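Asks: Quick one: structure below, then a few questions.
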Amino acid sequence: MQGSHSDQSPRTVALSRALMATVAPSDVRVLVVDNKEQNLVAFSAVIDQPGVTIICAQSGEQALGHVLRENFAVILTGREHARPGRVRDGRVDPAAKSVG
């Protein structure tokens, strides 16, 4: 459904447009993290544009692996993946308190 925003929220459409306006399309890599397949499909459909590479991960651990190997312009994550903790030396330290 590229180019069709009728079934998407105004906030989601605005995010997609802002992303495309701030980075040259050939440079855009987006990581989408969610454990629900339907959410991955929905986010991917919203941001699917020429020159945008979308990488999907179904767990925080899988996402961390991608982040350690690749650079991303944007990372979209579901609320359940925003766990407290910090990454130290390439490993998650669950004892560390997150800021914010």
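Asks: Any residue in region 40-54 that is without any contact (Cβ under 8 Å) to a residue 24 or more places away in the chain sitting within a Cβ distance under 6 Å of a residue that is surrounded by 14 or more Cβ atoms within 10 Å (Cβ to Cβ) and β-branched (Val, Ile, Thr)? List the pairs, counting only those 6 or more apart or interchain.
Replies: If the second residue must be surrounded by 14 or more Cβ atoms within 10 Å (Cβ to Cβ) and β-branched (Val, Ile, Thr), the pairs left are Leu40/Val32; Ser44/Ile54.
Asks: Can you tell me which residues in region 49-72 are surrounded by 15 or more Cβ atoms within 10 Å (Cβ to Cβ) and over 12 Å from Val33 (Cβ atoms)?
Replies: Matches in region 49-72: Gln49, Val52.
Asks: Consider Gly65 against the criteria (1) in contact with a Leu (Cβ under 6 Å, 6 or more places away or on another chain); (2) modelled with pLDDT of 60 or more; (3) more than 25 Å from Val13 (Cβ to Cβ): it satisfies all of them except one. Which criterion is unmet?
Replies: (1)
Asks: Give the residue, chosen from Asp48, Asp7, that is farther than 17 Å from Thr77 by Cβ, at pLDDT below 75 and of a type in the set (Asp, Glu). Please lay out each step first, then the result.
Replies: Numbers: Asp48 fails: at pLDDT below 75.
After applying the criteria, what remains is Asp7.
Asks: Working only within region 68-86, note down all residues that are assigned to a helix (DSSP H, G or I), modelled with pLDDT of 90 or more and either closer than 22 Å to Ala18 by Cβ or of a type outside the set (D, E, K, R) (or both). Spell out the reasoning first.
Replies: Start the filter on region 68-86 by keeping residues that are assigned to a helix (DSSP H, G or I), which leaves 68-69, 79-81.
Restricting the remaining residues to those that are modelled with pLDDT of 90 or more gives 68-69.
Result: Leu68, single match.
The values are calculated or read from the model by the stated rules, or taken from the named source; none is laboratory data. Predicted model, so just to flag it, every value in this text is computed and none were measured. Every residue, glycine among them, receives a Cβ derived from its backbone with ideal geometry; neighbour counts consider all protein chains shown.
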